[in-house]
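Right, one structure below, let's go through it.
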Amino acid sequence: MKQWTRRAMALVAASAFAALGVAPGTVNAQETVAIQPGVSIESGGGYCTLNWIYDGEGALAGSVYGGTAAHCVESVGERISLATGSLGDPIQEFGTVAYIDDNLDYAFIEIDPALHDAVDPAMKGHPAIPTGVSTTETANVGDTMQFSGNGVGFHLLTLTQEERTGILHSNDGTQHYVIGAVSPGDSGGPVADVTDGNKAFGIVNTVGVGINGLPYAGEGGVSLEGMFADAAEAGFTVALRTV
């Protein structure tokens, strides 16, 4: 899912607004926004979602990171802002892109030390998530998966931002596919396995559709199990911060 600019996203949003029967602009910006999984972020005029909170280990100890998709950012050193939501406005800069992996489509944003007190590891709308990391040994096809993000159309209401669920369709430990509702703007956001004890499972990278007996739509992305291993091989060692 490519990074979406305001103009491109507006075309999608027009249909989404009509389908939901909600007028654009009905959601007000929060005066104070915690830096947590599921919040909207903006970079270069495009909108995505922040996934999990990570603590640096080894040489990175003391640093705190938020994750997103690689296609949501441009380059290491880029400044990233919190946003009022997809198609909304930047609120404030909160961090700097520290690492990008275009192959698996993930990136880490180092959160400014002055804002560490604003960090909340809980998935937005779900204070009991994450309790740990879901792996191929603990997750199973058919598990209930939880989203929290700012996909265009879904970003209009708190309910549709935070209460979408899906069903795990496949997972090889590096890539997964979930049958469920996501849209542009959800990119980079968190995916949790509720069945597997409210654990962090992966991040949103793509929106896909297909036919397997019946038409279906869903989300594909990198699984945390594979992401951690891949980043560690490159010397970028981080650990999930849990609730």
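The values are calculated or read from the model by the stated rules, or taken from the named source; none is laboratory data. All figures in this text were calculated on a predicted structure; none of them were measured in a lab. Positions of Cβ are backbone-derived with ideal geometry, glycine not excepted, and every protein chain shown enters the neighbour counts. Each accessible area value is taken on the protein alone, full model and side chains, heavy atoms only, with ligands, DNA and RNA left out. Shrake-Rupley method; radii C 1.70, N 1.55, O 1.52, S 1.80 Å.
Contact annotation: residue pairs with Cβ atoms under 6 Å, 6 or more positions apart or on different chains, pairing a residue in the range 154-181 that is free of Cβ contacts under 8 Å to residues at least 60 places away in the same chain and under 13 Å from ALA217 (Cβ atoms) with a partner that is small (Gly, Ala, Ser) and open to solvent by 20 Å² or more (accessible area, probe 1.4 Å), are ARG164/ALA181; TYR177/SER170.
Each residue in the range 214-229 was checked for being surrounded by 20 or more Cβ atoms within 10 Å (Cβ to Cβ) and among the hydroxyl-bearing types (Ser, Thr, Tyr), and 1 of them qualify. PRO37 meets the conditions (1) touching a Pro at 6+ places or on another chain (Cβ under 8 Å); (2) surrounded by fewer than 24 Cβ atoms within 10 Å (Cβ to Cβ) in every case but one. The failed one is (2). Of the strands (runs of 3 or more DSSP E) that lie entirely inside the range 49-139, those containing 3 or more residues that are of a type in the set (A, V, I, L, M) span 79-83, 90-101, 106-111. From the list ALA83, ALA70, the lone residue that is crowded, with 19+ Cβ neighbours inside 10 Å, small (Gly, Ala, Ser) and more than 26 Å from LEU156 (Cβ to Cβ) is ALA70.
The set of residues in the range 198-213 being open to solvent by less than 40 Å² (accessible area, probe 1.4 Å), out of contact with any Ser or Thr (no Cβ under 6 Å at 6 or more places or on another chain) and either assigned to a loop (DSSP other than H, G, I, E, B) or at pLDDT 95 or above (or both) consists of ALA200, ILE203, ASN205. Yes or no: the range 182-197 includes at least one residue that is modelled with pLDDT under 95 and open to solvent by 50 Å² or more (accessible area, probe 1.4 Å). For the range 182-197, residues modelled with pLDDT under 95 and open to solvent by 50 Å² or more (accessible area, probe 1.4 Å): absent. Just one of the numbered conditions (1) modelled with pLDDT under 95; (2) open to solvent by 40 Å² or more (accessible area, probe 1.4 Å); (3) in a helix (DSSP H, G or I) is not true of ALA232: (1).
Looking only at residues that are of a type in the set (Asp, Glu), more than 25 Å from GLY88 (Cβ to Cβ) and open to solvent by 50 Å² or more (accessible area, probe 1.4 Å) in the range 129-179, which one is nearest to the chain's Cα centre (by Cα)? Looking at the filtered set, the residue picked out is ASP172. Within the range 88-97, none of the residues are crowded, with 19+ Cβ neighbours inside 10 Å and in contact with a Lys or Arg (Cβ under 6 Å, 6 or more places away or on another chain). Of all residues in the range 132-146, those that are in contact (Cβ under 8 Å) with a residue 60 or more places away in the chain and over 10 Å from VAL194 (Cα atoms) total 5. Yes or no: the range 104-118 includes at least one residue that is out of contact with any strand residue (DSSP E or B) (no Cβ under 6 Å at 6 or more places or on another chain) and either hydroxyl-bearing (Ser, Thr, Tyr) or farther than 26 Å from ALA234 by Cα (or both). Checked against the condition, which is being out of contact with any strand residue (DSSP E or B) (no Cβ under 6 Å at 6 or more places or on another chain) and either hydroxyl-bearing (Ser, Thr, Tyr) or farther than 26 Å from ALA234 by Cα (or both), the range 104-118 yields at least one hit.
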